[in-house]
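Working notes for the structure below.
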């Protein structure tokens, strides 16, 4: 097989501008590594069967939960366990996130709606 | 359930000094997030059933494969697919890595030997 290729996160983030639209940059044991740019706030939702890892690559993320908020800066991560309602909010003008979650995870989870993205582009 | 807690990578790296000894800082869908500090070179090995994601948090990692090398700086990641022989080498005095791999993954894979760590500490 060919030599595995590396992924430069900053370079990959530079390839797209859309917000709340995850892009796939890698796979590991059935999980996908996705990059997403956040602006403003998303929608309250949960993923019934999937945990979701958020690692802040740039900016500040406020992750709201029903019983409290967690504020994350660059180099900080949080795992939202399956079934837990959450609302991601970009506290900076634009916040860049690396996600680790299954291919099956839909961005809006059980909330659905117009911000749902089902076909993810691969970078 | 209680509010999920965040993980500050720099803070967690500050809690240990050993080299080539992964520490567990989180779990997502059966994968573990591990932190490890590398110095010098490791041993050639492969993991027969597990892909392994390396994200460079500090320093430079040279990942050697049988058919070529890949040099990774901070903010770059690589997924070593299952079955692929690899030899991680720290090119800087100390290189900090975030790993995503199953709990079952043993650092030395199929090579074994004295550098094998089987009981991982949780930070």
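The values are calculated or read from the model by the stated rules, or taken from the named source; none is laboratory data. Here the structure is a predicted model, which is why all the values come from computation and not from measurement. When we count neighbours, we look across all protein chains shown, and the Cβ atoms used for this are built from the backbone with ideal geometry, even at glycine.
General remarks:
- Number of the exception - residue A:88 against (1) more than 11 Å from the chain's Cα centre (by Cα); (2) buried (at least 21 other Cβ atoms within 10 Å of the Cβ); (3) more than 8 Å from chain B (Cβ to nearest Cβ): (1)
- Residue match in the stretch B:103-117 (condition: within 13 Å of chain A (Cβ to nearest Cβ) and surrounded by 16 or more Cβ atoms within 10 Å (Cβ to Cβ)): yes
- Matching strands (runs of 3 or more DSSP E) fully within the stretch A:9-78 where at least 3 residues are more than 14 Å from chain B (Cβ to nearest Cβ) and touching a residue at least 24 places away in the same chain (Cβ under 8 Å): A:31-38
- Any chance residue B:95 is more than 7 Å from chain A (Cβ to nearest Cβ) and either touching a helix residue (DSSP H, G or I) at 6+ places or on another chain (Cβ under 9 Å) or buried (at least 20 other Cβ atoms within 10 Å of the Cβ) (or both): yes
- Matching option when the condition is buried (at least 20 other Cβ atoms within 10 Å of the Cβ), under 21 Å from residue B:81 (Cα atoms), in contact with a strand residue (DSSP E or B) (Cβ under 6 Å, 6 or more places away or on another chain) and modelled with pLDDT of 95 or more, among A:33, A:24, A:80: A:33
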